[in-house]
Amino acid sequence: MIVVITLPEYIDREAERIVQRLCHVDLVHLRKPGTSIDRLERLIREIPSEYHNRLVLHDHFSLAVKYNLYGVHLNSRNPQQPQGWKGSISRSCHSFEEIKEWKDRCNYLSLSPIYDSISKQGYLSAFSREQIEKAVAEGVIDNKVLALGGVTFDKVEEVLSLGFGGAMILGDAWKEFTI
């Protein structure tokens, strides 16, 4: 599975650019920390409804219910799924212990940072290749765990060969807006 995460700030013609990304990836995570529910809802409405089943929210989970989106992504700001939620649940993890704790409760998880981050200065890889290989051998990393942090489109094959179930890409997907 290949997932693109939006930039935290809004960009010009963002809905159109999200649709363009969806032509090449499985899902797009709408991550807009601090945004108002009205502004996020406006973005969702600007994305054609045929793509709503490929969108995941990091905030304002009631909109996932209202627009029948693919999923919600749990994080420190929003650690609980919405009441009665039946869609996909994913979660951010930063250690093998978190992966073990959450794997049975989520459809998929992100583990980061795998490489030095592109979008977050000073956010360096937290795992050696040997640690990753050991976690794969022990069944901690498997097809439910997606690599995040410094992952580029060029590194997707590498993370798959390491044993991850896919990749989550932020900086490389929007690099023309962050230079």
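The values are calculated or read from the model by the stated rules, or taken from the named source; none is laboratory data. Quick caveat: nothing in here was measured; it's all calculated off a predicted structure. Quick reminder, even Gly has a Cβ in these numbers, built from the backbone with ideal geometry, and neighbours come from all protein chains shown. Accessible surface is based on the protein model in full, side chains and every heavy atom, while ligands, DNA and RNA are left aside. Shrake-Rupley method; radii C 1.70, N 1.55, O 1.52, S 1.80 Å.
Check Lys103, Lys144, Lys134 and return the single one that is at pLDDT 95 or above and farther than 21 Å from Ile2 by Cα. Sole residue among the options that is at pLDDT 95 or above and farther than 21 Å from Ile2 by Cα: Lys134. Selection of strands (runs of 3 or more DSSP E) fully inside region 1-118 by the criterion of at least 1 residues being open to solvent by 20 Å² or more (accessible area, probe 1.4 Å) and not β-branched (Val, Ile, Thr) returns 88-93. Does Pro8 satisfy being more than 29 Å from Val136 (Cβ to Cβ) and touching a His at 6+ places or on another chain (Cβ under 8 Å)? When the stated conditions are applied, Pro8 does not pass them. If Asp116 satisfies every condition in (1) within 18 Å of the chain's Cα centre (by Cα); (2) acidic (Asp, Glu); (3) modelled with pLDDT of 90 or more but one, which is the exception? Only one criterion is unmet by Asp116, namely (3).
Output yes when any residue across region 82-92 is closer than 30 Å to Glu138 by Cβ, among the basic types (Lys, Arg) and modelled with pLDDT under 95, and no when none is. No, every residue in region 82-92 fails to be closer than 30 Å to Glu138 by Cβ, among the basic types (Lys, Arg) and modelled with pLDDT under 95.
If you go through region 141-176 one residue at a time, how many are surrounded by 13 or more Cβ atoms within 10 Å (Cβ to Cβ), over 16 Å from the mean Cα position of the chain (by Cα) and more than 14 Å from Ile114 (Cβ to Cβ)? So the answer is 1.
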